[in-house]
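Every number in this text was worked out from the coordinates using simple rules, so none of it is lab data. Here the structure is a predicted model, which is why all the values come from computation and not from measurement. Backbone-built Cβ (ideal geometry, glycine too); neighbour counts: all protein chains shown.
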Amino acid sequence: MSQSVRTRPEGSGQALSEAYDTALLDLDGVVYAGGNAIVHAVESLAVAREGGMHLAYVTNNALRTPDVVAAHLTALGIPTGADDVITSAQAVARLISEQVPAGARVLVIGGEGLRVALRERGLEPVESADDDPAAVVQGYGGPELPWGRFAEACYAVARGVPWFASNTDLTIPGARGIGPGNGAAVEVVRIATGAEPQVAGKPLPPMHRETILRTGAERPLVVGDRLDTDIEGAFNGDVDSLLVLTGVTDGAQLLAAPPQHRPTYVDADLRGLLTGQPEVVADGDGFRCGGWAAVARAERLELEGEGAALDGLRALCAAAWTVAGEGTCTLDAEKALARLGL
């Protein structure tokens, strides 16, 4: 894809699993939710894999090691090796290794995923600001991470030690709901020190680079549920993306997406990998997809017709993104989305 402003979802005459050699799949909200497989995920991924598509799993969660993630996916019925899992811990460890001496000590504020990734890069994890660290790295440490760990980070950062963060997602989904993510923890250290970390995870380039280096993908397709990490990461990496509606993004957020948050394709779930994508075409003052026609009026988006709800959403995206251009669509879409049950 080019970096020109996207004004509509694209169509594809091929199944996406045939048009792209590698799917770079987010996990939470795409493959599983609350630890359990999302409906259609296991079967869809099996068919895509059997057809020759390489499946790689890309997560901003730095807590779990690739081995643990792979074991979880395998237990869900998705055979996965550790080499198929790329984490923000790996991306930030590479970023640090390029800026500190080989074998340097790194103060870890986070979990085992960070420690394993640092050792893989020949760096030595330490636990105290008094251990003379060459860098501080912060990643999601789970709900039991002691408050004192943030103090250790602050002591080191205040002394001028370079500070790195695996990612800055403010929230993380769990079985009981939405909890504070690593970004919330990073804010604690930022407020206390006034410093700014170097960040590696999605949507920033270090994560995309790590993913391409580890997978060797030539025609990758990013698959995610979040506009501000998955889709923006694909935009920053200049690769195509598929948004699935099994996670945090709803129809209203999609219609209001600025250019860097507009996916190449939109589908309900991972079955979208196995099919072509319908074309959205200009039709008079508006756009048509399937049996639906959408148009932007002075104050609202209007939708007429019938058919598959996703076709209506694709047509609405075209109308909204076209009128928004390089900005954000603020037209009222409530009635149009209600017609689609979204």
_Please check: in the Gaussian network model of the chain (C-alpha springs, under 10 Å), which one of Thr193, Thr229, Thr246 has the largest mean-square fluctuation._
Thr193
*In region 3-52, how does Rg compare with the Kirkwood Rh, expressed as the Rg/Rh ratio over alpha carbon atoms?*
1.05
*Residue-wise, which Karplus ³J(HN,Hα) couplings in Hz belong to region 131-145, taking 6.51 cos²θ - 1.76 cosθ + 1.60, θ = phi - 60°, and x for glycine or proline?*
8, 6, x, 8, 7, 10, 10, 10, x, 4, x, x, x, 9, 4
*Would you indicate which of (1) 21.6, 85; (2) 26.5, 91; (3) 21.1, 68 is the value of Rg and Dmax of the Cα atoms in Å derived from the coordinates of this structure?*
(3)
*asked:* Could you give each residue of region 217-222 its phi-based ³J(HN,Hα) in whole Hz, using Karplus coefficients 6.51, -1.76, 1.60 with θ = phi - 60°, and x for Gly or Pro?
replied: 4, 9, 10, x, 10, 6
*With the radius of gyration and the Kirkwood radius both derived from the Cα set of region 214-281, what is their ratio Rg to Rh?*
0.95
*Return the single residue from Glu299, Glu196, Glu187 with maximal mean-square fluctuation; model: Gaussian network over the chain, springs between Cα atoms under 10 Å.*
Glu299
*Just how large is the dipole of the chain about the Cα centre, in debye to the nearest 20, putting +1 at every Lys and Arg Cβ and -1 at every Asp and Glu Cβ?*
300
*Amide H of Ala165: which non-local residues (sequence gap of 5 or more, or other chain) have their own amide H closer than 5 Å, using H built in the peptide plane?*
Gln138, Gln198, Val199, Ala200
*Return the long-range amide H neighbours of Asp240 (sequence gap of 5 or more, or a different chain), with a cut-off of under 5 Å between placed amide H atoms.*
Val222
*Kirkwood Rh over Cα pairs of region 278-342 into Stokes-Einstein at 4 °C, 1.567 mPa s: D in µm²/s?*
114
_Inter-part distance where region 269-292 and region 161-232 are each reduced to a Cα centre, Å_ = 31
*In nm, to one decimal, how far is the modelled label at Arg271 from the one at Asp21, with both set 7 Å along Cα→Cβ?*
3.0
*asked:* Calculate the FRET efficiency for Val323 and Asp131 from the Cβ-Cβ distance with a Förster distance of 56 Å, rounded to the nearest 0.05.
replied: 0.50
*For region 162-256, alpha-carbon Rg over 2.2 N^0.38 Å*: 1.20
*Which distance in nm do the two modelled labels at Ala46 and Gln14 give, with both placed 7 Å along the Cα-to-Cβ direction?*
2.5
*Work out from phi, with θ = phi - 60° and the Karplus expression 6.51 cos²θ - 1.76 cosθ + 1.60, the ³J(HN,Hα) of each residue of region 310-325, listed in order in whole Hz, and give x for Gly and Pro.*
5, 5, x, 5, 4, 5, 5, 4, 4, 5, 5, 5, 5, 5, 6, x
_At 7 Å along Cα-to-Cβ for each site, give me the label-to-label distance between Thr74 and Asn36 in nm._
2.4
*Top mean-square fluctuation among Asp67, Asp240, Asp269, Gaussian network model of the chain, C-alpha springs under 10 Å?*
Asp67
*Under-5 Å amide H pairs with Val248, H placed in peptide plane, nonlocal only*: none
*Label region 72-210 by shape, choosing from rounded, prolate and oblate, from the square roots a ≥ b ≥ c of the eigenvalues of the Cα gyration tensor; if a/c is under 1.5 it is rounded, and otherwise prolate applies when a/b is larger than b/c, oblate when it is not.*
oblate
*Relative contact order (%) - the chain, alpha-carbon pairs under 8 angstrom, separation at least six*: 21
*Determine, from the Cβ-Cβ distance of Ile191 and Arg159 and an R0 of 25 Å, the FRET efficiency 1/(1 + (r/R0)^6), rounded to the nearest 0.05.*
0.90
